[in-house]
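The structure appears right after this line, and notes come after that.
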Ligand SMILES: Nc1ncnc2c1ncn2[C@@H]1O[C@H](COP(=O)(O)OP(=O)(O)OP(=O)(O)O)[C@@H](O)[C@H]1O
Ligand SMILES: [Mg+2]
């Protein structure tokens, strides 16, 4: 684990518990006070701000634990399909439409479904944020195959675009252009790390005012040894609990 990762995990671990009790006491205080008491507002602010701090810690923990994932044979296409379904509802409320254009066959890679889902969520949430100022738009999620042996995912939005001087920094940890409380600047750096762990690449193309496309390329899993039935893991039903922000 990197020094930053260790520091992050250490701080997050130590600070989470006292923050959680501050939050609990603030909630208890609210329950004891009459509804219209002026102290209620202070108490709600304490609760809101501790929530925000806990969210940042959650991101730090995610950032520092990214290398512990177990890799198995997964169908990347199914992961994309599941995730798109998941975000579509949430984004609809922001007037954002998600348009999936998925490869018709399974895309078998050696990977971790939860982590790849996290990457896609990060990209889709960013895309949604980038379209908020425009009053909505479309995210087109495409999966296909490059050179017969590489799975490709593209997430294209019709949002604000990213200026060239900023695009160089977007994968840096803690780089954000979002207001305090909205972004921690970890989404893309976490995603970059996950894609690298999958022996893949992530890149971006963007035009200010028109939109942004993120492209991920991950090599297919090596052909399975004769002893292992290659198709079996792809048919497994995955049950996951996802914490959408
Ligand atoms: N689709 C996009 N369109 C425009 N800008 C983007 C897009 N995706 C990322 N960015 C820019 O890259 C920055 C870094 O993104 P990243 O996901 O790492 O952090 P964040 O979204 O700001 O915070 P977090 O993901 O931790 O909540 C964003 O603040 C934004 O400026
Ligand atoms: Mg983000």
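Just so you know, all these numbers are worked out from the coordinates, no wet-lab data involved. Only a predicted model underlies this, so the values are computations on that prediction, with no experimental measurement involved. FYI the Cβ positions are ideal-geometry reconstructions off the backbone, even for glycines, and counts take in every protein chain you see.
Side notes on the structure shown:
- With all pairs of different C-alpha atoms in the average, the Kirkwood value for the hydrodynamic radius of segment 139-199 is 13.7 Å.
- Put the Cα centre of segment 114-153 next to the Cα centre of segment 162-205 and the gap is 13 Å.
- Length gained when the stretch residue 138-residue 167 is fully extended (0.36 nm per residue, less Cα-Cα span): 8.3 nm
- Exposure proxy ranking, count of Cβ atoms within 10 Å, fewest first, for 214, 174: 174, 214
- Ordering 207, 16 from the fewest to the most neighbouring beta carbons within 10 Å gives 207, 16.
- Two-site label geometry, residue 56 and residue 102: point separation in nm, points 7 Å out along Cα→Cβ: 3.7 nm
- Spin-label model, residue 40 to residue 15: label points 7 Å out along the Cα-to-beta-carbon direction sit 3.1 nm apart.
- The Cα atoms of segment 72-224 cover 47, 29, 26 Å along the three principal axes, with the biggest extent listed first.
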